[in-house]
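Data block below; observations after.
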Amino acid sequence: AQSVAQPEDQVNVAEGNPLTVKCTYSVSGNPYLFWYVQYPNRGLQFLLKYITGDNLVKGSYGFEAEFNKSQTSFHLKKPSALVSDSALYFCAVRDLDRGSTLGRLYFGRGTQLTVWP
Amino acid sequence: GAVVSQHPSRVICKSGTSVKIECRSLDFQATTMFWYRQFPKQSLMLMATSNEGSKATYEQGVEKDKFLINHASLTLSTLTVASAHPEDSSFYICSARLALADTQYFGPGTRLTVL
């Protein structure tokens with residue numbers, strides 16, 4: 001079965017500093033990994049994904065994530081945080097099993113990022 | 001591209017009434033749509049997966065007679081909460097995916113409050 005873990009409920013960082021939101025995964029086979037962001041009372045917005053290819057994936061709003069197979073990690077990063085980046089971030093892995101639930105996502109529990117001025 | 005809408009965004013109803021939530025893919029055809037439920041400060045809980053033209057697949061513990069899902073076209077899926085009760089109050093989010101595509105795109109969510 002596929003699963004992801006986000007070990008931190010909360011990450012706090014000062015504006016302008018680099019940020020990292022951690023995610024580790026457990027899959028059978030090659031992982032399809034995703035990051036989504038959720039603002040209050042809104043749906044999830046797609047940030048980036050890793051399917052294959054370069055381990056460093058660049059996404060929306062200046063975010064990037066590094067796929068590390070040996071550490072089974074897919075941490076989200078940004079070189080310089082903005083106050084507007086404050087939101088709830090979800091890591092997810094896609095189910096690759098056959099069947100009618102093909103393509104379902106397994107989400108981590110989410111990490112609340114707070115960037116203070 | 002890849003825009004998913006939900007309607008209504010917010011609904012307040014009395015206990016015992018049924019509530020229908022629509023999920024539409026506006027600029028692509030979604031062969032698969034997913035319905036999630038999210039409690040405050042928690043992750044998304046997948047309720048069911050629906051493929052266009054076939055019956056939805058419900059996750060364990062989700063009552064199919066309570067949460068009725070219809071995916072009649074490639075751009076529309078509906079979730080009907082039958083005889084809603086206060087414990088059904090939650091944030092409901094749908095997502096849609098193209099056939100063979102990797103990414104799910106999410107709607108903005110519907111806040112249901114049952115009095």
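Please state the charge dipole magnitude for region B:57-115, taken about the Cα centre, from unit charges on C-beta atoms (+1 on K and R, -1 on D and E), reported in debye and rounded to the nearest 20.
160
Listed values for region B:61-78 are Karplus-derived 3J(HN,Hα) couplings in whole Hz (6.51 cos²θ - 1.76 cosθ + 1.60, θ = phi - 60°), namely x, 9, 7, 5, 7, 8, 10, 8, 10, 10, 10, 7, 9, 6, 10, 9, 10, 10, and x replaces Gly and Pro. With pairing defined as another cysteine C-beta under 4.7 Å, the cysteines of chain B that fail it are B:13. Think of the protein assembly as shown as a dipole: +1 on every Lys or Arg Cβ, -1 on every Asp or Glu Cβ, centred on the Cα centre; then among B:29, A:48, B:78, B:78 lies furthest on the positive end.
Of the trypsin sites (Lys or Arg not before Pro) found in region B:1-65, those in coil by DSSP whose Cβ has at most 15 other Cβ atoms within 10 Å are B:14, B:41, B:55, B:64. Above 21 Å, the calculated P(r) of chain A contains 33 percent of its Cα-Cα pairs.
This model, with +1 at the C-beta of Lys and Arg and -1 at the C-beta of Asp and Glu, gives region B:41-81 a dipole about its Cα centre of some 100 debye. Per-residue shielding of B:83-96, expressed as the average number of other chain Cβ atoms within 10 Å of the residue Cβ, stands at 1. Working from Cα pairs under 8 Å separated by at least six residues, relative contact order for chain A is 36 percent. When the listed pairs A:49/B:20; A:78/B:41; B:20/B:41; A:69/B:64; A:58/B:20; A:22/B:55 are checked against a 27 Å cut-off, the alpha-carbon distance exceeds it for A:49/B:20; A:69/B:64; A:58/B:20; A:22/B:55.
Taking region A:26-69 and a reference point 7 angstrom along Cα→Cβ of residue A:82, the backbone N atoms nearer than 18 Å belong to A:36-40, A:45-48, A:58-65.
On a C-alpha basis, how far is the centre of region A:10-62 from the centre of region B:13-35 in Å? Whole number, if you could? With region A:10-62 and region B:13-35 each reduced to a Cα centre, they are spaced 26 Å. Site pair residue A:54 and residue A:20 shows an inter-label distance of 2.0 nm when each label is modelled 7 Å from Cα along Cα→Cβ. Measuring nothing but how far apart in sequence close Cα pairs (under 8 Å, 6+ apart) lie, relative to its length, chain B scores a relative contact order of 37 percent. Simple spin-label estimate for residue B:72 and residue A:10 gives 4.7 nm between the two label positions (7 Å along the Cα-to-Cβ direction from each Cα). Calculated over the protein assembly as shown, the projected area of the Cα convex hull averaged across directions stands at 12.6 nm². For region B:4-115, the dipole from Cβ point charges (+1 on Lys and Arg, -1 on Asp and Glu) about the Cα centre works out to 260 debye, to the nearest 20. Here the simple spin-label model places points 7 Å from the Cα toward Cβ, and for residue A:28 and residue B:80 these points are separated by 3.7 nm.
Determine the gain in length on full extension of the stretch residue B:7-residue B:27; use 0.36 nm per residue of separation and subtract their C-alpha separation, reporting nm with one decimal.
Between residue B:7 and residue B:27, full extension yields 5.6 nm more.
Taking one equal scatterer on every alpha-carbon of chain B, how large is log10 of I(q)/I(0) by Debye at q = 0.09, 0.10, 0.11, 0.19 1/Å? Result of the Debye calculation: -0.21, -0.26, -0.31, -0.94.
None of the figures in this text is laboratory data; all of them are computed from the coordinates on show. Values in this document were obtained by computation on a predicted structure and should not be read as measured data. Because the Cβ atoms are built from the backbone with ideal geometry, glycine has one as well, and the counts that use them run over all protein chains shown.
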